[in-house]
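The values are calculated or read from the model by the stated rules, or taken from the named source; none is laboratory data. All values derive from a computational prediction rather than experimental measurement. Cβ atoms come from the backbone with ideal geometry, glycine included; neighbour counts cover every protein chain shown.
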């Protein structure tokens, strides 16, 4: 036997802390830590609500136990893994191109053409080598 | 108050405290380590709530894999070791962030608490068998779709790093 007040309160507090972490951090990896806390808050709420779940009634004789809350939580954990892989790849790319991962810094004017044009050239021509050299030469 | 309530509150207080430290600490690597503590105690919360499979998946994937990725990213971006004051935004922005966070917490609590305050619920002894049967029965197509998603995320991360390597070499190499 258990009351569900504490899980709901934990979920609300984690969501608040996660939102604070997303908004108050400048390092991009630390912003991602706030996102993970927000996802965990949703997970706690899903697992807490899954304790109240009843089997889904198909007809008068058959019913299916779906365990939607717990299965959704496992799916969200998988989604979070996929999300953080792509996000950290983008953060590392940002560090390699700009040289820092401060998400509040203003973009430097001189960096823009050097990074944008070879990407556009690679997307259109499919050969990133020669256009990039042409850009950086003069 | 039942025994499960007391154990859950212990885990919940630990999780909330560690989460607060993870978003306020001034050392970058400590934030990742406090996140480990937060996710581990949340796994404990799942065990208390009777979701053993979810707790184990949380320990394996979050504490095992995601944290390793985060720490790797911190090391590869040359995270400073020691205290740094410029990790957080300026004071007024942090105040606004605190207000937004507090109001979000209050909103969720105000919306969801009236739904659940009725009575104590039964926690079944073990739900592993039912959850496994549900994943590979009712939820099998979303499950397969997730494996495709993981594969495309892997390829996407690879492509992002390749495109940037091709693009960043002429510009990035000169400036350093």
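What to note about this one:
- When A:39, A:10, A:4 are screened for being surrounded by fewer than 24 Cβ atoms within 10 Å (Cβ to Cβ) and either more than 21 Å from residue B:96 (Cα to Cα) or in contact (Cβ under 8 Å) with a residue 60 or more places away in the chain (or both), only A:39 passes.
- Each residue in segment A:1-57 was checked for being in contact with a strand residue (DSSP E or B) (Cβ under 6 Å, 6 or more places away or on another chain) and more than 7 Å from every other protein chain (Cβ to nearest Cβ), and 4 pass.
- No other residue among B:40, B:64 is part of a helix (DSSP H, G or I), touching a helix residue (DSSP H, G or I) at 6+ places or on another chain (Cβ under 8 Å), more than 22 Å from residue A:27 (Cβ to Cβ) and more than 7 Å from every other protein chain (Cβ to nearest Cβ) apart from B:40.
- Which numbered condition residue B:14 misses (of (1) over 30 Å from residue A:93 (Cβ atoms); (2) at the interface with chain A (Cβ under 10 Å from one of its Cβ atoms)): (2)
- Residue match in segment A:58-74 (condition: within 17 Å of residue B:48 (Cβ to Cβ) and facing another protein chain (nearest Cβ under 7 Å)): yes
- Lone unmet requirement of (1) closer than 30 Å to residue A:99 by Cα; (2) modelled with pLDDT of 90 or more; (3) surrounded by 15 or more Cβ atoms within 10 Å (Cβ to Cβ) for residue B:159: (3)
- Among helices (runs of 4 or more DSSP H) entirely within segment B:75-176, having at least 3 residues that are free of Cβ contacts under 8 Å to residues at least 60 places away in the same chain, under 23 Å from the mean Cα position of the chain (by Cα) and at the interface with another protein chain (Cβ under 8 Å from one of its Cβ atoms) singles out B:91-116, B:140-175.
- Selection within segment A:81-101 - under 15 Å from residue B:150 (Cα atoms), touching a residue at least 24 places away in the same chain (Cβ under 8 Å) and at the interface with another protein chain (Cβ under 7 Å from one of its Cβ atoms): A:84, A:88
- In this structure, residue B:47 does satisfy being surrounded by 14 or more Cβ atoms within 10 Å (Cβ to Cβ), over 24 Å from residue A:88 (Cβ atoms), without any contact (Cβ under 8 Å) to a residue 24 or more places away in the chain and more than 9 Å from chain A (Cβ to nearest Cβ).
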